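Here the structure comes first, spelled out in structure tokens, and everything after it is commentary.
Every number here is computed from the coordinates shown, using simple stated rules; none is lab data. The structure presented is a predicted model; accordingly, all values stated were derived computationally and were not measured. Neighbour counts are summed over all protein chains in view; Cβ atoms, including those assigned to glycine, are modelled from backbone coordinates with ideal geometry.
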Amino acid sequence: MNKKLIEIKGATEKTLPILSDEDAKIKFNKGWTYSNIYSLRALRDVYLVLKYPFKKDLKTISIEVEKKVIPESKDWNERKVLEYLNALVNFQLVYQDYSIKSEVFINSVINSDISTSDTFVFKEIFFSYFRFKEISSWFINPSIEFHENYEVLNEIDFITQSKHLYFYKIENRFYNRLINNIESIKYIYKINDELSHLMRFCEVYIKWGTYLKIIDKFNLSLIDFKTDIDKNLTLVYFIKPFKKFDLVNYIANKPFKNRQISIPELIFKIVNDFSFSVESVKKFIINEIHSNDKLTFERTSEIFIIKGKNSIGNIKDATYLYPIINNNYISHLILRK
């Protein structure tokens, strides 16, 4: 694939809208509203611990959590437990005194894998908690004027009305800039430097959304896009339900230069047109290869894809746009003559 240049220089910067801590305090009577919880299993398990009959003060809760909940990364301590308790309060699952407010995770067991019924609870939180909704509203319209009405938006609005966003980082380990198209860039939307907590919460938002299969994401460097500011863009978008279509006809109507078609580029075009999940598109391509005599494929080795990357996360990211057939990565689709 030829390198494709995205021109960002010269675009006007605008600040992304978000309720200030002061306004959130007045509007929702909440203190700290950025619950930076990455582990959904741990959040569920702390909630389940609170269902046991014991004195609900931080010290006692911390002791009970440490006894009952296997940590996924760092060991439990009072500060970490408090962060999870505050999140449960923010998400309306428990009261300020840590008594149960919403009866959820009815059949769940501490330390078990997240179940399908568990995901329904987390999806409800994702689509209802106001901080998540604020970020979700950016996908429809990242303007200050639109943000004034973000509260009325619901799951259907986000899935049907959302557009693709392209996140990137400027002198930060978290995303702090985004654009909402890559063809003709008028505005760059930024998170102000003093809002580092919002930058981190955006990472939490994307972690929740991708885990729950509500949103999908991948880096455009996988399809040889680069920017004139030397920054990689990550495409993030709400997933729409997959609908089967005529793949051969789709390819015939796209400006591919030859019969040998890069599968990452093909997936990008399909995602760009339909917002299907990457996994559903890869499955569809594999099924079409097996069932359509007009299609065949070329394999490639993992070593040529990962290019020296050796962590599990980096390998997963590098191979994300490559379907697998018989334990081989598929790099190109070929239209038979």
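A dipole drawn for the chain from +1 and -1 charges on Cβ atoms has a positive end, and of PHE105, ILE325, VAL152 the residue lying farthest that way is ILE325. Annotation: Cα Rg of the stretch 247-335 relative to the compact-globule expectation 2.2 N^0.38 Å equals 1.08. Shape summary: the chain maps onto an equivalent ellipsoid whose semi-axes, from the alpha-carbon gyration tensor, are 39, 25, 18 Å in decreasing order. With contacts taken as Cα pairs under 8 Å and at least 6 residues apart, the chain reaches a relative contact order of 17 percent. Legend: calculated FRET efficiency, GLN161 to SER39, from the Cβ-Cβ distance at R0 = 35 Å, rounded to 0.05, equals 0.70.
Computing FRET efficiency as 1/(1 + (r/R0)^6) for SER221 and LYS55, where r is the C-beta to C-beta distance and R0 is 56 Å, gives about 0.60. Of the cross-linked pairs LYS68/LYS316; LYS80/LYS123; LYS56/LYS123; LYS9/LYS186; LYS9/LYS257, those separated by over 21 Å at the C-alpha level are LYS68/LYS316; LYS80/LYS123; LYS56/LYS123; LYS9/LYS257. Does anyone have the angle between helix 263-274 and the longest principal axis of the chain? Alpha-carbon axes, 0 to 90°, nearest 10? Rounded to the nearest ten degrees, it is 60. Lys/Arg Cβ at +1, Asp/Glu Cβ at -1, dipole of the stretch 247-335 taken about the Cα centre: which of ASN272, VAL248, ILE303 is farthest positive-ward? Value computed over the given set: ILE303.
Along the Cα-to-Cβ line of LEU5, 7 Å from the Cα, sits a label point; which residues in the stretch 168-207 have backbone N less than 18 Å from it? Within reach of a label on LEU5: 182-186. Once both labels are positioned 7 Å from their Cα atoms along Cα-to-Cβ, the gap between LYS169 and ARG200 label points is 1.4 nm. Working from label points 7 Å from Cα in the Cα-to-Cβ sense, the ILE312 to SER102 distance is 3.0 nm. When you filter the trypsin sites (Lys or Arg not before Pro) in the stretch 157-241 for DSSP loop state and at most 16 other Cβ atoms inside 10 Å of their Cβ, you are left with LYS163, LYS169, ARG173, LYS186, LYS213, LYS231. Applying a DSSP loop filter and a limit of 16 other Cβ atoms within 10 Å to the GluC sites (Glu not before Pro) in the stretch 71-172 leaves GLU72, GLU103, GLU148, GLU171.
The residues TYR329, TYR47, when put in order of fewest to most other Cβ atoms within 10 Å, stand as TYR329, TYR47.
The string of couplings for the stretch 28-33 from the Karplus curve (6.51, -1.76, 1.60, θ = phi - 60°) is 10, 6, 10, x, 7, 10 Hz, one whole number per residue in order, with x for Gly and Pro.
Rounded to the nearest 10 degrees, the angle from helix 278-291 to the longest Cα principal axis of the chain is 40 degrees.
Among the trypsin sites (Lys or Arg not before Pro) within the stretch 4-44, those in coil by DSSP and having at most 15 neighbouring Cβ atoms inside 10 Å are LYS9, LYS30.
For a modelled paramagnetic label at GLN92, 7 Å from Cα along Cα-to-Cβ, the residues of the stretch 129-173 in reach, with backbone nitrogen under 12 Å, are 129-131.
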